[in-house]
Amino acid sequence: RGFPRAFVTDSWKSLETLGQVKSGYQSVPVVCFAHGNEFPAAIKGRKASRIRRLLVAGVTVIANSRWTAERAKDFVAPEVNVVVQTPPIADQAEPTEEDLAEAERLWGATMPRVLTIARLDPHKGIAFVIESLPKLAEAFPSIGYVVAGVGKDEGRLKALTTDCGVEARVRFAGRVTGSLKTALYRTADLFVMPTGAKTAQREGFGIVFLEAAASGLPSVAVRTGGVPDAIVDGQTGVLCDDTSVAGLTATVRALLEDRERLADLSRGARAHGMASLWRNRFKAMATASGLDRD
């Protein structure tokens, strides 16, 4: 009674703390989640040695994408089991009438509507979306772009909207959560986040793509890092191989012009997002963790 069946850690860093309390439970399996960027790009050095010391026999590593799994394998002992399980998402909070009204206030009279919800960091690729707007506005004179999130890149991005002459089309919504976030997903036409397009940093997965999908919102991103495990190319969105602003612009324009294809992607996105809910993925996650055994 009271004996733990397993220890679950959020990353390899937590294994160091776990080592202080696990001495009496040596036979208990350990599950360690891997997200990608917590593993250094160089496989040598003190940090790499710390990781290798921790990811040893008795630990199961659950990677959030194939890219993360490949990155993690350089740091784990040969006998360690590395399993790929994309992260589940929680059920979305249902928006109230006030949430929908606030979303409409943010959008204004714009149409079509492009959305990004992300931390405002350079690697998220928000600058490329802003730079695509002048050309997109030639095809869609009333196009609007809402950026929701906070971060160190906010000042640069706001200045960029002025430099590109699109400040009237872009609304920075700040931090949004819960039902207001759902309202933004449901009132947008396309979610765009070309993360890693021009930076060395990669997205380990991109759970925001699943959140958008659950609201039936297709995504556009670039084929980098773990993003191909978050977006089913051609079914829930489109992955760009051309990481230029022109390439992104062409992809977004083609989708916004083809409403039938956009509707097909919306249906595929919703099905994929709903299948990714925790209540529909719990058994698979338990099996991967080895926690479904008697």
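The figures follow:
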item	result
Sorted peptide list for 53-59, 42-48, 135-141, criterion being average Cβ within 10 angstrom, highest first	53-59, 135-141, 42-48
Nonlocal amide H pairs with A63, under 5 Å, H built at 1.01 Å	A34, V83, V84, Q85
Relative contact order computed over segment 8-88 (Cα-Cα under 8 Å; 6+ residues apart), in percent	30
Phi-based couplings in Hz for segment 265-273 (Karplus 6.51, -1.76, 1.60; Gly and Pro marked x)	5, 4, 5, x, 5, 4, 4, 5, x
Cross-link partners of K13 among aspartates and glutamates (Cα-Cα below 18 Å; sequence separation of 8 or more within a chain)	E38, D74
1.4 Å probe accessible area per residue over the chain, in Å²	47
Segment 157-284, relative contact order [Cα under 8 Å, separation at least 6], %	23
Sorted peptide list for 164-173, 184-193, 101-110, criterion being average Cβ within 10 angstrom, highest first	184-193, 164-173, 101-110
When each of K73/K181; K158/K198; K47/K181; K135/K198; K47/K158 is checked by Cα-Cα distance, pairs over 25 Å	K73/K181; K47/K181; K47/K158
Whole-percent carbon and sulfur share, accessible surface of the chain, 1.4 Å	51
Directionally averaged shadow of the chain, computed from the convex hull of its alpha-carbon atoms, nm²	17.2
In sequence order, calculated HN-Hα J values of segment 218-234 (Karplus, 6.51, -1.76, 1.60; Hz; x Gly/Pro)	x, 10, 10, 8, 9, 7, 9, x, x, 4, x, 8, 9, 10, 7, 4, x
Relative contact order of the chain, defined on C-alpha pairs under 8 angstrom at six or more residues apart (%)	17
Nonlocal amide H pairs with V8, under 5 Å, H built at 1.01 Å	V31
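The values are calculated or read from the model by the stated rules, or taken from the named source; none is laboratory data. This one's a predicted model, so the numbers in the text were calculated from it and none came from an experiment. Cβ: placed from backbone, ideal geometry, glycine included. Neighbour counts: every protein chain shown. Only protein heavy atoms, including side chains, enter the accessible area calculation; ligands, DNA and RNA are left aside. Shrake-Rupley method; radii C 1.70, N 1.55, O 1.52, S 1.80 Å.
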